[in-house]
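Bear in mind that the values in this text are calculations on the coordinates, not laboratory data. Small disclaimer: the values here were computed from a predicted structure and weren't measured. Don't worry about glycine lacking a Cβ; one is built from the backbone with ideal geometry, like all the others, and counts go over all protein chains shown.
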Amino acid sequence: MAQNSFQLKGGVVTSIILELNENNLEAFTAFLQQKIHQAPQFFANSPILLDIQNLEDVHTDLSLYINQCRDLGLQPIGFKGDCSEAHKNSIAAMGLSLLNNNATRGGNALPDVTAPVAPAPEIRTVIEQRVETVIQEKLVQRPSKIVRSPVRSGQQVYAQGADLIILSSVNEGAEVIADGNVHIYGALRGRALAGVQGDRSAQIFCQSMEAELVSIAGDFMLHDSIDQALHKTAVRVELREETLQLTSL
């Protein structure tokens, strides 16, 4: 049987989402330069989406921001959010994608439907049967993906719909991703992302915190922002009050 020349496969790609709330290219450039200086290896050639949901200035030249991202070593892949027709045309002209928000806002009014005239009721004897539904609550255990060998630089490990357990270390430049929790029984020197499908209760545990980046449900913290007192110690990462919190184990 001949092998297909092409295959479509699903995958997970970590991308940066940057909210563009005002037309201020100078401030935008300064902000990016500061972040890139904090973690140059993380941002080098990283894919980036510009979120223009809150950008009200329809005269903003979006191509200037795309060019600035490229000049700083980032790789723009598109835009995100509802936007004006002018911005949609500009994005299409640049050959980039536009990802709309999944949430709907309002809707069209329902059409006026005239109810049909009901026929005269027919008298019949009905025997009522009551059916009781009993809902039994069960504890559903999330499966785990276990990796026994070190995750080396350039590798990406993803636990879809599961927790991820790394029995060794995660090296610099490596990336471990899970829809659930991430457990690392060695040193975390690369990037760890938990709850990537939006589970804000997910957590990250590691025996030695040396991470380039940690993230839960899209909220992330870079290496330079991590308390140095926690460096090379056992740490738990969780979301509390919309903020990443790192505590010693």
For the peptides 18-24, 93-99, what is the packing order when you average, over each peptide's residues, the other Cβ atoms within 10 Å and list the highest mean first? 18-24, 93-99
Assigning unit charges at the beta carbon (Lys, Arg +1; Asp, Glu -1) and nothing else, what dipole magnitude in debye, to the nearest 20, does the range 16-99 show about its Cα centre? 380
Percent of alpha carbon pairs in the range 16-99 separated by more than 22 Å? 19
Reachable aspartates and glutamates from LYS232, criterion Cα separation under 16 angstrom, eight or more residues apart if same chain: GLU172, GLU210, GLU212, ASP224
Rounded, prolate or oblate: which fits the range 156-244 when a ≥ b ≥ c are the square roots of the eigenvalues of the alpha-carbon gyration tensor, with rounded for a/c under 1.5 and prolate only if a/b beats b/c? oblate
